[in-house]
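The values are calculated or read from the model by the stated rules, or taken from the named source; none is laboratory data. Computed from a predicted model, the values in this text were never measured in an experiment. Neighbour counts run over all protein chains shown; Cβ positions are idealised from the backbone, glycine included.
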Amino acid sequence: MITKADIEEAYRKIQSDIVLTPLVYSQKLSQLCGCQTLFKLENLQMTGSFKDRGALHKLLSLSSEERGKGVVAASAGNHAQAVAFHCQRLGIKAKIVMPHGTPLIKVVSTQNYGAQVILHGETVDDAYDRALELARSEGLILIHPFEDPWIIAGQGTIALEILEDDLAGGVEAVLCPIGGGGLISGVATYLKETNSKIVIIGVEAASAPSMKKSLEGGHPVRLESASSLADGIAVKRVGQLNYEIVKKYVDEVVTVEEDEIANAILLLLEIEKIVVEGAGAVPLAALLNRKVQLEGKKVLSIISGGNIDVNILDRIIMRGLSVEGRIAQFRVRLKDRPGALLFVLDIIKKYQVNILDIIHHRFQSAGPFGYVDVSITLETRGHSHIQEIRQALGEAGYPPCEPECKF
């Protein structure tokens, strides 16, 4: 087990080489969440996530002999970039194993920091197995992403900064993403050993609830699969040390759904102009969807990172808009003759919506001969507005048919 003193010592070592990330208060999101809502912006760290802290602290703990051997790590993104960046600064050779399918931008960023990238396997677990083989066969020092006291102590320095910030004075609860458990282990240790009254809540993706299942089972369990929009916390098995710390210090672990994560990403971008990856958005998703009972309290959420793949950002935004009822797609069946579409558009225009897209499914229509399916994507004002349009189309003889678009 690490202690508050370990985290304070870690901060003295890494303080000059990390970013003192800001705390911000959101009035609009406070209204939506029903509590005073603050954010710790670790997405503004040098490599875009909190991983800088633990990676640097671990590397500084290595002896001259160990640094000379070089290091190896397995990651699909944030840990890889943090290890590569600080190895380059410290003059340490690094090999990073990343699974096939890792977004190209993350691979290139890791390479640009001077690391040798090896693509192996289909999952991070596959990549980790390969990293272990390299550590044994080549004598490299393995830098684990979360199951390491040096890593945990480094991540815990976030909590030290939180309590030193005047804006966080009187904070009653802290929400933190959980993947392997390194971040919440460090944060919970420092906060609870400083002020045991602060409530610590961990948040996981519902499709990858490895910590929640472990706590329910009484020991770390391995999930059969772990896939999520929040790929940074899609971990099949949490660390044993992390599990023990969470069991001791964390008050509650909750989960959020994929649509809720997408909506949280959208709101942070739209309202606060904060670019956040899926893992960093899960605390807000929990607050927005009342997964925790914190009404009226002063609550701080850790935005763990902002390294989102821009190639999927537009799809995430569309999904978030769909969750809020601000975009909808109707699929209707028309007689395949001139002017048929005009009747439908005359109905829609009465509801003052903006038409974003129209697609004729001439070659993929399930309708009988002489009919054609048409998908119409609209910019709407909420779920009640969508229901009004659906009802009007049905009453006019154009009931929306399946499948409707699920963004």
If I filter the stretch 309-321 for residues that are touching a residue at least 12 places away in the same chain (Cβ under 8 Å), more than 15 Å from the chain's Cα centre (by Cα) and within 24 Å of HIS79 (Cα to Cα), do I get at least one hit? yes
Count, please, the residues in the stretch 27-52 that happen to be under 19 Å from ALA279 (Cβ atoms) and either assigned to a loop (DSSP other than H, G, I, E, B) or among the hydroxyl-bearing types (Ser, Thr, Tyr) (or both). 7
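Look at ALA226 and say whether it is under 30 Å from LYS28 (Cα atoms) and not hydroxyl-bearing (Ser, Thr, Tyr). Show your work before the answer.
On the way: under 30 Å from LYS28 (Cα atoms): no; not hydroxyl-bearing (Ser, Thr, Tyr): yes.
It is false that ALA226 is under 30 Å from LYS28 (Cα atoms) and not hydroxyl-bearing (Ser, Thr, Tyr).
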List, please: which pairs have Cβ atoms under 9 Å, are six or more places apart or on different chains, and start with a residue in the stretch 147-158 that is of a type in the set (Asp, Glu) and end with one that is assigned to a helix (DSSP H, G or I)? GLU147/GLY182; GLU147/GLN240; GLU147/LEU241; GLU147/ASN242; ASP148/GLY54; ASP148/LYS58; ASP148/GLY182; ASP148/LEU241
Check on GLY202, assigned to a strand (DSSP E or B) and within 24 Å of LYS4 (Cβ to Cβ): yes
Which members of the stretch 106-152 meet the condition of being touching a His at 6+ places or on another chain (Cβ under 9 Å), assigned to a helix (DSSP H, G or I) and not β-branched (Val, Ile, Thr)? ASP126, ALA127, TYR128, ASP129, ARG130, ALA131, TRP150
Restricting to the stretch 232-281, name every residue that is more than 26 Å from SER196 (Cβ to Cβ), part of a loop (DSSP other than H, G, I, E, B) and either of a type in the set (Gly, Ala, Ser) or not assigned by TED's automatic domain parsing to the domain that holds LEU183 (or both). ALA234
Filter result (surrounded by 17 or more Cβ atoms within 10 Å (Cβ to Cβ) and in a loop (DSSP other than H, G, I, E, B)) within the stretch 343-364: VAL353
Counting only residues that are loosely packed, with under 14 Cβ neighbours inside 10 Å and over 30 Å from ILE271 (Cα atoms), how many does the stretch 311-342 have? 5
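Could you go through the stretch 163-181 and let me know if any residue there is part of a helix (DSSP H, G or I), of a type outside the set (S, T, N, Q) and buried (at least 20 other Cβ atoms within 10 Å of the Cβ).
The first filter runs over the stretch 163-181 and keeps only residues part of a helix (DSSP H, G or I), leaving 163-164, 166-168.
Still in the running and of a type outside the set (S, T, N, Q): 163-164, 166-168.
Next, only the ones that are buried (at least 20 other Cβ atoms within 10 Å of the Cβ) stay: none.
Scanning the stretch 163-181, I find no residue that is part of a helix (DSSP H, G or I), of a type outside the set (S, T, N, Q) and buried (at least 20 other Cβ atoms within 10 Å of the Cβ), so the answer is no.
Check whether at least one residue in the stretch 121-130 is closer than 24 Å to ALA234 by Cα, hydrophobic (A, V, I, L, M, F, W, C) and modelled with pLDDT under 95, and report yes or no. Outline the logic, then answer.
Kept after step one, since they are closer than 24 Å to ALA234 by Cα, are these residues of the stretch 121-130: 121-130.
Now narrow it down to the ones that are hydrophobic (A, V, I, L, M, F, W, C): 124, 127.
So of that shortlist, the ones also modelled with pLDDT under 95 come out as 124, 127.
Among the residues of the stretch 121-130, at least one is closer than 24 Å to ALA234 by Cα, hydrophobic (A, V, I, L, M, F, W, C) and modelled with pLDDT under 95, which makes the answer yes.
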Restricting the stretch 34-71 to residues that are crowded, with 21+ Cβ neighbours inside 10 Å and acidic (Asp, Glu), the residue that is nearest to the chain's Cα centre (by Cα): GLU42
Only one of GLN88, GLN81 is surrounded by fewer than 16 Cβ atoms within 10 Å (Cβ to Cβ) and closer than 26 Å to VAL117 by Cα, namely GLN88
Matching option when the condition is free of Cβ contacts under 8 Å to residues at least 24 places away in the same chain and not hydrophobic (A, V, I, L, M, F, W, C), among GLY77, GLY91, GLY70, GLY101: GLY101
Taking ALA55 as the residue in question, decide whether it is part of a loop (DSSP other than H, G, I, E, B), closer than 19 Å to ASP148 by Cβ and either modelled with pLDDT of 95 or more or not aromatic (Phe, Trp, Tyr) (or both). no
